[in-house]
Amino acid sequence: GAGVSQSPSNKVTEKGKDVELRCDPISGHTALYWYRQSLGQGLEFLIYFQGNSAPDKSGLPSDRFSAERTGGSVSTLTIQRTQQEDSAVYLCASSLVAVQETQYFGPGTRLLVL
Amino acid sequence: KNQVEQSPQSLIILEGKNCTLQCNYTVSPFSNLRWYKQDTGRGPVSLTIMTFSENTKSNGRYTATLDADTKQSSLHITASQLSDSASYICVVSASFRGGATNKLIFGTGTLLAVQP
């Protein structure tokens, strides 16, 4: 595709439910990143996939958060037992090879936990 | 502690005027510094990337400067337009283990409003 796409655009869920957020990176990009942006806050790094290497999970805020990347392309961010503080915009980005390069961001998924 | 601080937090200017946004960082070891523009409800879009050896880089009406000695960067917007209204985010990359691992540290952004 022309750019990074994410789905759904918006998600409203009840506290305690699990949610899955999807990211389709730019075709051919081997690096994929997940970020979170809470209202009035800066971007917060969550997790980084680089090719077949073990992902850098150092930014995940708790063990309720997990992500996987199947076939080196599409990635899914899963939040289990959602809490109200999980409400945020979740942004996905991809770059051609590595962190040093320009990252292209998707439009984000706006998650609201009631 | 690796930190990126931006100022001002918000800024209102009239269309056609110039403005300068500031970014100070305490990130080490430094790899590169980026400026992103984020429109409301959209993902960030890259404006510039500068490495240690670069002092200035331009992208249209946007000019970024970097002083690696004082660990300061600025983003200058010339002849502002209404479409420049957005959040501008400074991001510094720290490189570890000979470049094998990189961390991105994000500033909280400067919210710019350009008024007619």
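Structure values in brief
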{"item": "Given (1) in a strand (DSSP E or B); (2) more than 28 Å from A:LEU39 (Cβ to Cβ); (3) more than 10 Å from every other protein chain (Cβ to nearest Cβ), number of the condition B:THR20 does not satisfy", "result": "(2)"}
{"item": "Filtered residue count, region A:72-114, keeping only those that are assigned to a strand (DSSP E or B), within 15 Å of A:SER27 (Cα to Cα) and more than 11 Å from the chain's Cα centre (by Cα)", "result": "2"}
{"item": "Filter result (part of a strand (DSSP E or B) and buried (at least 16 other Cβ atoms within 10 Å of the Cβ)) within region A:11-30", "result": "A:LYS11, A:THR13, A:VAL19, A:LEU21, A:CYS23, A:ASP24"}
{"item": "Leading residue by the ranking (surrounded by the fewest Cβ atoms within 10 Å (Cβ to Cβ)) among those in region B:70-89 that are modelled with pLDDT of 95 or more and under 9 Å from the mean Cα position of the chain (by Cα)", "result": "B:SER74"}
{"item": "Selection count where residues are among the hydroxyl-bearing types (Ser, Thr, Tyr) and more than 10 Å from every other protein chain (Cβ to nearest Cβ), scope region B:31-47", "result": "1"}
{"item": "Every residue from region A:75-107 that is away from every other protein chain (no Cβ under 14 Å) and closer than 14 Å to A:PRO55 by Cα", "result": "A:SER75, A:THR76, A:LEU77"}
{"item": "Residue check for A:GLU44: open to solvent by 50 Å² or more (accessible area, probe 1.4 Å), at pLDDT 90 or above, of a type in the set (Asp, Glu) and in contact with a strand residue (DSSP E or B) (Cβ under 6 Å, 6 or more places away or on another chain)", "result": "no"}
{"item": "Condition met for A:TYR33 (within 26 Å of B:THR51 (Cβ to Cβ) and not in a helix (DSSP H, G or I))", "result": "yes"}
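The values are calculated or read from the model by the stated rules, or taken from the named source; none is laboratory data. These numbers were taken from a predicted model, which means no experiment stands behind them. Cβ sites come from the backbone with ideal geometry, for glycine too, and all protein chains shown count toward neighbours. Each accessible area value is taken on the protein alone, full model and side chains, heavy atoms only, with ligands, DNA and RNA left out. Shrake-Rupley method; radii C 1.70, N 1.55, O 1.52, S 1.80 Å.
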